[in-house]
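This report refers to the structure that appears directly beneath it.
Every number in this text was worked out from the coordinates using simple rules, so none of it is lab data. Keep in mind the model is a prediction, meaning the values are calculated, not measured. Methodologically, a virtual Cβ is constructed for each residue, glycine included, from the backbone with ideal geometry; neighbour enumeration extends over all protein chains shown.
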Ligand SMILES: [Zn+2]
């Protein structure tokens, strides 16, 4: 019987950071925590003797096809840290049907209606979108940090992220990217073939801050609540900021103040709203500052 205790979560995070959030050999963000010396031999979790390996490379190591000393070499210079970003992973979206949840806003329909849908669009750019190309469902997502650096990208179903962020975890079908300790920049559930659920996080672009929690959403700049916007077969879901007059959207904000707005006041307001709604998920969202 295997009475192995779980690896402590803080140790797991250090291992992920050291390995660049992917298999040290190929960079794939779907991996296992592998004891270089074999658990059976050491019977303990030694942080710097544990590496991330994908199923294939784990199998090769276990079966003697991948020599242990090579795994050690790779672990000293993991692929994702060498390139600065994760090896692309292809998500299995397909068909015509789309189902997007952005907090409590829901956008569903058939991609064939417009050929493209943009559930989140800021200043005319689709930050979350899907389109049909040769009958293939293509998902796109752009997530930037506060410095405007793009840290997670999905283009035509190919997911990549920066290997230099604080933490990224793809567990099951849920991806969480953190900007700091307990600071979530984006929390996504992939539900292929059709569904994407943005559970928590922030969409940042051109000075606009869209906050998404599990129970509500808001444009922080204007303290506008965006909850319960739902649409079937609508080209655009949330159209925020400057945009063409001719777009068809479930919600549109018009232009938003980007400079000189009271950000601290807006954050205090957001925290008060969260307290009223007994929404504790807001505490883990990046960029909202410490609890007052
Ligand atoms: Zn691998």
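Numbers for the structure displayed
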| item | result |
| --- | --- |
| Computed helical MRE - 222 nm, the chain, DSSP H runs ≥ 4 contributing -39500 (n - 2.57), nearest 500 | -5000 deg cm²/dmol |
| Gain upon complete extension [residue 125, residue 262; 0.36 nm per residue less C-alpha separation] | 46.8 nm |
| Distance between modelled label sites at residue 30 and residue 73, nm, 7 Å Cα→Cβ extension | 2.8 |
| Length released on extending from residue 83 to residue 134, taking residue separation times 0.36 nm less the Cα-Cα span | 15.2 nm |
| Principal-axis tilt of helix 9-19 within the chain, Cα atoms, nearest 10 degrees | 80 |
| Choice from 194, 40, 250 with maximal GNM fluctuation in the chain (Cα, 10 Å cutoff) | 40 |
| Considering only the chain, percent of DSSP beta bridges that pair antiparallel, nearest 5 | 80 |
| Ordering of 22-32, 218-228 by burial proxy (mean other Cβ atoms within 10 Å per residue, highest first) | 22-32, 218-228 |
| Rounded Å value of the spacing that divides the Cα centres of the range 1-61 and the range 62-126 | 22 |
| Rg/Rh (Cα only; Kirkwood hydrodynamic radius) as it applies to the range 1-40 | 1.00 |
| Expected-Rg normalisation [2.2 N^0.38 Å, Cα atoms] applied to the range 89-284 | 0.97 |
| Using a Förster distance of 41 Å, the FRET efficiency for residue 11-residue 252 (Cβ separation, nearest 0.05) | 0.30 |
| Projected-area mean, the range 190-292, by convex hull of Cα positions, square nanometres | 7.5 |
| Three-way shape call for the range 66-148 based on the alpha-carbon gyration tensor, with the a/c threshold at 1.5 | prolate |
| Fluctuation leader among 134, 101, 145 - the chain, Gaussian network, Cα springs under 10 angstrom | 134 |
| The range 9-83: C-alpha gyration tensor shape, a/c 1.5 cut-off, then a/b vs b/c | oblate |
| Most to least packed among 161-174, 4-17 [average Cβ atoms within 10 Å] | 161-174, 4-17 |
| Stretchable slack from residue 225 to residue 65, in nm (0.36 nm times residue separation minus alpha-carbon distance) | 52.0 nm |
| GNM top mover of 141, 111, 66 - the chain, alpha-carbon springs below 10 Å | 66 |
| Angle between the chain longest axis and helix 263-276 axis [Cα atoms, degrees, rounded to 10] | 80 |
| Inter-label distance for residue 37 and residue 233, nm, one decimal - labels placed 7 Å from Cα along Cα-to-Cβ | 6.4 |
